[in-house]
């Protein structure tokens with residue numbers, strides 16, 4: 001069994017607490033199966049590389065580096081996804097605090113931001129993510145698409161909010177209607193936590 005360099009994070013809410021927007025079955029499979037697989041894979045890859053280095057043996061460096069970044073990015077992005085949500089009865093309907101002000105300054109209004117973010121998520125080709133980012137150099141917010149887990153992820157633009165639009169994130173509940181899942185997501189966004197992260201990001205230059 002591979003050493004646990006990374007661990008599956010516990011959810012801050014119960015599996016049924018995001019209903020009716022994300023079902024208990026959907027959340028449990030997504031968290032316990034899909035996210036756990038990325039954690040298991042990256043731990044195994046690290047263990048394999050450590051063993052090879054100790055023994056002085058080679059491995060497929062290109063394939064290993066690709067698999068490492070894919071699985072580690074999958075783990076990190078899911079972390080953002082989980083803590084960026086909260087049960088609907090606890091969720092504010094709109095952004096709060098400094099994030100609210102910054103979104104209005106960048107996009108003109110929350111509704112405009114919501115429209116752009118939703119369209120970015122809806123137009124991901126195949127499997128991927130939509131993410132809200134913040135650039136300390138320009139002090140501006142931005143929305144990016146992330147193909148799969150690790151393609152188009154820009155290191156200088158730390159993530160504030162992430163939405164998983166792989167089919168495994170919504171297919172049990174919404175089948176092929178990704179747009180309905182995206183619409184549902186807005187009911188369970190944890191704007192308080194995202195605002196906290198935004199304020200933290202502004203101080204990490």
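Details
- Taking 0.36 nm per residue of separation and subtracting the current Cα-Cα distance, fully stretching the chain between residue 186 and residue 88 would add 34.4 nm.
- Mean Cβ neighbour count within 10 Å, used as a protection proxy, ranking 187-193, 109-115, 96-102 highest first: 187-193, 96-102, 109-115
- Between residue 139 and residue 200, full extension at 0.36 nm per residue minus the direct alpha carbon distance yields a gain of 20.7 nm.
- Region 53-202: mean projected area of Cα convex hull, nm²: 11.0 nm²
- Highest-MSF residue in the chain out of 155, 87, 20 [GNM, Cα springs under 10 Å]: 155
- The separation of region 141-165 from region 24-57, counted between C-alpha centres, amounts to 21 Å.
- Debye intensity ratio in log₁₀ form over the Cα atoms of region 112-193, taken at each q of 0.17, 0.23, 0.25 Å⁻¹: -0.67, -1.16, -1.31
- The overall shape of region 24-85 is prolate: from the C-alpha gyration tensor, with semi-axes ordered a ≥ b ≥ c, the ratio a/c is 1.5 or greater and a/b exceeds b/c.
Values quoted throughout were computed directly from the atomic coordinates according to the rules given, and no laboratory measurement underlies them. Note that the coordinates shown come from a computational prediction; the quantities given were computed from them, not determined experimentally. All Cβ positions, even for glycine, are placed from backbone atoms using ideal geometry, and neighbour counts span all protein chains on display.
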